[in-house]
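The block underneath contains the structure these notes are about, expressed in structure tokens.
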Amino acid sequence: MGRPKGQSTIESWMIANGKAGEHFYSDKMDRHLTAISTHHKRKIITERLITITTGGKEPKAKYITKITLL
């Protein structure tokens, strides 16, 4: 058993199989997620967010993308 054809990442699987109104987060850029959604003929809304982790000695910031399926 392997991955289904055309769904090599969790983002691709969620875009292909998720229900309208669901959302998830990814560290991929919004333009890459838009390309995946176009491939699957699915509309999405993307929002860029900044997350801050404080687990170490210094806080670290990272960009993530919130994807809402339409």
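The values are calculated or read from the model by the stated rules, or taken from the named source; none is laboratory data. On a predicted model such as this, the values are computed, not experimentally measured, just so you know. In this analysis, Cβ positions are derived from the backbone assuming ideal geometry, glycine residues included, and neighbour counts consider all displayed protein chains. In case anyone asks, the SASA skips ligands and DNA or RNA and just uses the protein heavy atoms, side chains included. Shrake-Rupley method; radii C 1.70, N 1.55, O 1.52, S 1.80 Å.
For residue 20, the shell of other residues with beta-carbons less than 15 Å away shows a net charge of +3, using +1 for Lys and Arg and -1 for Asp and Glu.
Name the residue farthest towards the positive end of the dipole of the chain from the options 51, 61, 33, assuming +1 on Cβ of Lys and Arg, -1 on Cβ of Asp and Glu, about the Cα centre. Farthest towards the positive pole: 33. Lys-Lys pairs in segment 7-70 that are eight or more residues apart or on separate chains and whose Cα atoms lie under 22 Å of each other come to 11.
Got a number for carbon plus sulfur as a percent of the chain's accessible area, 1.4 Å probe? That share works out to 56 percent.
Against the main long axis of the alpha-carbon atoms of the chain, helix 30-39 sits at an angle near 10°. Computed about the Cα centre, the dipole magnitude for the chain is approximately 160 debye when only Lys and Arg (+1) and Asp and Glu (-1) carry charge, each at its Cβ.
Accessible area per residue (1.4 Å probe, heavy atoms of protein chains only) ranks 48, 31, 42 as 31, 48, 42, with the largest value leading. For residue 9, no residue has an amide H sitting under 5 Å from its own, ignoring neighbours fewer than 5 places away on the same chain, with H placed 1.01 Å from N. Reported value for segment 10-49: 66 Å³ per residue, from the convex hull of its C-alpha atoms.
Give me log10 I(q)/I(0) at q = 0.11, 0.12, 0.23, 0.26 Å⁻¹ for the chain, Debye formula, one equal scatterer per alpha-carbon, no solvent. Relative scattering, expressed as log10 I(q)/I(0), comes to -0.31, -0.37, -0.94, -1.12.
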